[in-house]
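Visitor: Got a structure here, written out as structure tokens. Questions coming.
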Amino acid sequence: MVGTEYYVALSAVLFAIGAVGVLTRRSAILVFLSVELMLNAANLALVAYSRQWSAAGQAVAMSGQSAVFIILAVAAAEVAVGLGILVAIFRNRSSTDVDALSEVRY
Amino acid sequence: MIGFVILAAVMIIGAIGVVTLREPVHAALSLVATLLTLAVTYITLQAHFLAAVQVIVYAGAIMVLFLFVIMLLNVGSDDSGTAKRSQLPGLRPAAYLVSLLAAAGIAATAFLDPRQLPTRELIDVALAGGGADRVGESLFSDFVLAFQLVGVLLLTGIIGAVGLVQRRAAGDRPHHDASEHRDRELTNV
């Protein structure tokens, strides 16, 4: 069996790639895709640690997988609202360039 | 180990595609590839139910929603390399550097303090393959409050999305346009 540290390292690499996407992409939809990538990287670490903690018993070990299930549901809600906001912004400005959206902060 | 290396390679290539590909549809399909590989990785980690949910919910429902919006909005290709109008100078190198440092730091922390994996028997007893029965047992005992709150959150999300998308269509002010049109007609006459 592959050790937990390999999975955690892979998860860190995926998270870093997603962070680069969030920081450098211009289109809001592509920023959003990168956020999904970061969420999944965190899920991978949770599942890996859930196996690592098997010796502590079923309740502790399964709590990692339950957390991933809840994160999945939260991600689905987040995507629904986020894409709704994007569609509304696109209707007003016919662009989703995040650099042009600087007045959102006011 | 070979299986893990292959999975990791496919996953990282897909992730780099998400970040670098110009066409939004290509980036989204690249993310689908990454998510499907992640589902296979969940199987190797004894989380079979999560693997199925990952394929159905993430690679299925969420990504279809993404592709639907990308095609609906007809988003053009991302010109992140060419047009540098208001982007901060040095943002790209800083992003690469910080991400590289963060990933290297986490990986080093994990490798410098390696933990012994439990024996296969212990894993089989505790996770039992991560089937729906085990996940459900945990969700409906330890996490029942979080589970209910997620239900409320999903309902709120659906209502919020419908409200956001419909506001403009419902309040398109046909009266206002019509009256303006009539005013102009009156002045024209």
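Visitor: Which residues, taken from the range B:115-136, are in a helix (DSSP H, G or I) and surrounded by 15 or more Cβ atoms within 10 Å (Cβ to Cβ)?
Guide: Correct list: B:Leu122, B:Ile123, B:Val125, B:Ala126, B:Leu127, B:Ala128, B:Gly130, B:Arg134, B:Val135, B:Gly136.
Visitor: Right, another one. Please pick out the residue among B:Val19, B:Val75 that is modelled with pLDDT under 95 and outside any loop (DSSP other than H, G, I, E, B).
Guide: B:Val19
Visitor: Can you name the residue in the range A:1-19 that is of a type outside the set (A, V, I, L, M, F, W, C) and assigned to a helix (DSSP H, G or I) and is also nearest to the other protein chains (Cβ to nearest Cβ) among such residues?
Guide: A:Glu5
Listed here are the residues, each with its yes/no results for (1) without any contact (Cβ under 8 Å) to a residue 40 or more places away in the chain; (2) of a type outside the set (Lys, Arg).
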{"position": "B:Ile2", "(1), (2)": "yes, yes"}
{"position": "B:Ala9", "(1), (2)": "yes, yes"}
{"position": "B:Gly17", "(1), (2)": "yes, yes"}
{"position": "B:Arg22", "(1), (2)": "no, no"}
{"position": "B:Ala33", "(1), (2)": "yes, yes"}
{"position": "B:Val40", "(1), (2)": "yes, yes"}
{"position": "B:Gln46", "(1), (2)": "no, yes"}
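Visitor: I'd like to verify a number: residues in the range A:22-80 that are surrounded by fewer than 19 Cβ atoms within 10 Å (Cβ to Cβ) and among the β-branched types (Val, Ile, Thr), how many?
Guide: Looking only at that region, the number is 5.
Visitor: So, of the residues in the range A:82-103 that are β-branched (Val, Ile, Thr) and in contact (Cβ under 8 Å) with a residue 24 or more places away in the chain, which turns out to be surrounded by the most Cβ atoms within 10 Å (Cβ to Cβ)?
Guide: A:Thr96
Visitor: If you don't mind, another one. Output the number of the condition that A:Gly57 fails; it satisfies all remaining conditions of (1) at pLDDT below 90; (2) within 30 Å of B:Asn74 (Cα to Cα).
Guide: A:Gly57 satisfies every listed condition except (2).
Visitor: Name the residues in the range A:25-34 that are in contact (Cβ under 8 Å) with a residue 40 or more places away in the chain and of a type outside the set (Lys, Arg), would you?
Guide: If the condition is that a residue be in contact (Cβ under 8 Å) with a residue 40 or more places away in the chain and of a type outside the set (Lys, Arg), then A:Ser27, A:Ala28, A:Ile29, A:Val31, A:Phe32 are the ones that fit.
Visitor: Taking the range A:25-74 as the region of interest, how many residues are among the hydrophobic types (A, V, I, L, M, F, W, C) and more than 7 Å from every other protein chain (Cβ to nearest Cβ)?
Guide: Residues that pass the stated criteria total 15.
Visitor: Look through A:Val79, A:Val22 and report the one residue that is in contact (Cβ under 8 Å) with a residue 12 or more places away in the chain, facing another protein chain (nearest Cβ under 7 Å) and within 26 Å of B:Glu23 (Cα to Cα).
Guide: Only one candidate qualifies: A:Val79.
Visitor: Which residues, taken from the range A:82-102, are within 7 Å of chain B (Cβ to nearest Cβ) and in a helix (DSSP H, G or I)?
Guide: Hits for the range A:82-102 are A:Leu83, A:Gly84, A:Ile85, A:Leu86, A:Val87, A:Ala88, A:Phe90, A:Arg91, A:Asp99.
The values are calculated or read from the model by the stated rules, or taken from the named source; none is laboratory data. Predicted model only: the values in this text are computed from it and were never measured. Backbone-built Cβ (ideal geometry, glycine too); neighbour counts: all protein chains shown.
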